[in-house]
Amino acid sequence: MTAFLPSNLLALFAARPPIPYLPPLDKLGHQKKPWPYSGIASIVADFEDPEDTPSPTRAETRDEKIERKKCERIKKKKADLEKAAEEWDPHTDGSDAFKTLFVGRLNYDTSEKKMRREMEVYGPVKSIQMVTNSTTGKPRGYCFVEFEHERDMHTAYKHADGKKIDGRRIVVDVERGRTVKNWKPRRLGGGLGGTRNGAPEANIKHSGRVENFDRDRERDERDRGGEYRDRSRRDRGGKYRDRSRRDRERDRGRDRDHDRHDRRRERGEGIHF
């Protein structure tokens, strides 16, 4: 049948060429002799003296590199603080240090005009210095208020601490930079603030001085329209009061009626003379 196939198909059935002949190798690999190895006695004299050999070096690991860079940053920061502390001179200001009051934790939107209006409650104000960032010009959240009389400064120091201005409670203090020896501000490693002590449980979270903390809590409760209570519900009764759903709905209805009545009184409705 293949005789009737065309030439192109007959080429598919053609025999392959024979395997080419290669002369045999002299010797096989396992029959050859190995390389003639010899000792090192002839080249020992060319080696260096073991006493002159440097000690082996070990590469720095990733954790060691991170720790080294951390120590370098700490040392650099400490050196910068020491240099800045030597250059810091608070006596360049021409104001009277014993009439000047430090006001911190200010709202960044508080203006000098607003601060003057709030501080003039305690006495006439001579000048106000709002501290800003020297690079960006943005406020840094504190200022120095100089009064006309020293007694007015003492009055503001006693009563203005914890006062709410533009939604934030301020903290006031005397100007310690010129009145306390060896005083340094917080940016130079000093200060009295307790909001950056370390862990969250170690930081102070309330506004104002520590001795005025209870007074500020009572003031916040009164601002919210409630009564200051220092005891919890468990301390008063030992158990939570079980109130039914009907009692809770009745109390909410009374609160709504009181709020509606207060709004009508503010608008002047329902008042007869």
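For the residues 97, 85, the requirement of being open to solvent by less than 40 Å² (accessible area, probe 1.4 Å), within 20 Å of residue 189 (Cβ to Cβ) and in contact (Cβ under 8 Å) with a residue 60 or more places away in the chain singles out 85. In this structure, does residue 18 turn out to be of a type outside the set (D, E, K, R), under 60 Å from the mean Cα position of the chain (by Cα) and in a loop (DSSP other than H, G, I, E, B)? Spelling it out, it is not the case that residue 18 is of a type outside the set (D, E, K, R), under 60 Å from the mean Cα position of the chain (by Cα) and in a loop (DSSP other than H, G, I, E, B). Restricting the first member to region 174-186 and to residues that are closer than 22 Å to residue 80 by Cα, and the second to residues that are open to solvent by less than 80 Å² (accessible area, probe 1.4 Å) and among the aliphatic types (A, V, I, L, M), the beta-carbon pairs closer than 8 Å and six or more apart or on different chains are 177/97; 184/85.
For region 154-191, a residue qualifies if it is of a type in the set (S, T, N, Q), under 21 Å from residue 119 (Cβ atoms) and either part of a strand (DSSP E or B) or modelled with pLDDT under 90 (or both), and exactly one does: 179. Checked against (1) open to solvent by less than 100 Å² (accessible area, probe 1.4 Å); (2) within 27 Å of the chain's Cα centre (by Cα); (3) of a type outside the set (D, E, K, R), residue 115 passes all but a single condition, namely (2). As a summary of the residue check, residue 169 satisfies the conditions (1) crowded, with 16+ Cβ neighbours inside 10 Å; (2) charged (D, E, K, R); (3) within 28 Å of the chain's Cα centre (by Cα); (4) closer than 27 Å to residue 88 by Cβ except for the one numbered (4).
The values are calculated or read from the model by the stated rules, or taken from the named source; none is laboratory data. Not measured: the values here are computed from a predicted model. We place every Cβ from the backbone using ideal geometry, glycine too, and count neighbours over all the protein chains shown. These area figures cover heavy atoms from the full protein model, side chains too; ligands, DNA and RNA do not enter into them. Shrake-Rupley method; radii C 1.70, N 1.55, O 1.52, S 1.80 Å.
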